[in-house]
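Everything on this sheet refers to the single structure shown next.
The values are calculated or read from the model by the stated rules, or taken from the named source; none is laboratory data. Predicted model only: the values in this text are computed from it and were never measured. A quick note on method: Cβ atoms are made from the backbone with ideal geometry, for glycine too, and the neighbour counts reach across all protein chains shown. All accessible areas refer to the heavy atoms of the entire protein, side chains included, with ligands and DNA or RNA removed. Shrake-Rupley method; radii C 1.70, N 1.55, O 1.52, S 1.80 Å.
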Amino acid sequence: MLVLGIEGTAWNLSAAVVSDEGEVAEVSHTYVPKEGGIHPREAAQHHSEHMPRILEQLCECMAQKGLSLRDVDGVAFSQGPGLGPALRTVATAARTLSMMLEVPLVGVNHCLAHIEIGKWDTGAHDPMVVYASGANTQILALSKGRYRVFGETIDIGLGNALDKFARAIGMSHPGGPKIEQLARKANSYVPLPYTVKGMDLAFSGLITAAKNATREHPIEDVCFSLQEHAFAMLVEVSERAIAHTGKEEVLLVGGVGANERLSEMMRIMCTERGIAYHRPKKRYLGDNGTMIAILGMRMLKHGITTPIERSEVIAGYRPDMVEVVW
Ligand code: AMP
Ligand code: MG
């Protein structure tokens, strides 16, 4: 089976084709805001401008392997969650391709696609998933046929929080990797708010306090302490979810998972509890088209398709809205 997947919930427009053996081709183009953060309308414009070329390049990659669009058995797309205008652009392209090629359309939940590619790349079987990306931060695990959310951010996603702080101190988007570099040069620790509410997390107070702290402390020290606080919050809730469910593996996914300090902290927690720790390759951590194609293929193999009349985008698509039958 050959499935084409298109991702475009936010900053990354990416189209990929996967087969039963794995990845066949992936072509991406990144939207970088001229100033400030991601603007939904600009992201949609970026996606519609680059979609034709992305698909052309994908066809060129397929041709090198003796394949063409006519060989595709299904078209999967990110149905949500994400930025409405960006999602609609991707959905329109996916519907068109599905009709043109006369193959089924599969609307994919973006969060579940992160999980699925993580499992596919690492061999994780039934993990407690720590999903830390730009807009989303959730701790989830499979229970009774759905990925249940054990804890999540109640304000902004961890990646967006880091990006916001970085912008406030004059760094360009995305800020997460720049904060990580600066944090490595820190000399001392700055106390900041630590906000865990039951099983949920909040980052906006921490970001405000970190911004204020830059007036009195070296930027490197603030970056270090910001990371230590935010990541410890995430590890605390993850550990409690593991203790509660008895899961024996952790899978870290989402763009923020690229952070070596976060990964180290998760690994230490797992080692101390005697459970396995998994993290996919970097290129599969952030948003990518391959993950949409992979989950699309799993769904298609279980007979799940999305008729055009039910293919409207779902900006607030929660992972626990989906019954997991694959
Ligand atoms: P995603 O939404 O999953 O594509 O992830 C994008 C987010 O990951 C952005 O907010 C980035 O700032 C963040 N990110 C990427 N690399 C790192 C890193 N090394 N440390 C922290 N955050 C990162
Ligand atoms: Mg994502």
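Things worth noting here:
- Chymotrypsin sites (Phe, Trp or Tyr not before Pro) restricted to the range 1-85 and DSSP loop, no more than 12 other C-beta within 10 Å: none
- Cα gyration tensor, the range 209-301 - rounded (a/c under 1.5), prolate or oblate: oblate
- Spin-label model distance (nm) - Met100 vs Met321, 7 Å beyond Cα toward Cβ: 2.8
- Using a probe radius of 1.4 angstrom, the carbon and sulfur fraction of the accessible surface of the range 125-283 is 50%.
- The Cα center of the range 168-216 and the Cα center of the range 248-306 differ in position by 24 Å.
- Annotation: per residue accessible area for the chain equals 42 Å², rounded to a whole number [probe 1.4 Å, protein chains only].
- Averaging over all projection directions, the Cα-based convex hull of the range 22-123 occupies 7.4 nm² in the image plane.
- In terms of overall dimensions, the chain has a Cα radius of gyration and Dmax of 19.7, 62 angstrom.
- Take every Cα pair under 8 Å whose residues are at least 6 apart in sequence, average their separation, divide by the length of the range 125-283, and the relative contact order is 27 percent.
- Spin-label zone in the range 77-105 - amide nitrogen under 18 Å from a point set 7 Å from the Cα of Arg53 along the C-beta vector: 90
- P(r) tail, the range 125-283: Cα-Cα pairs separated by more than 28 Å, 18% of all pairs.
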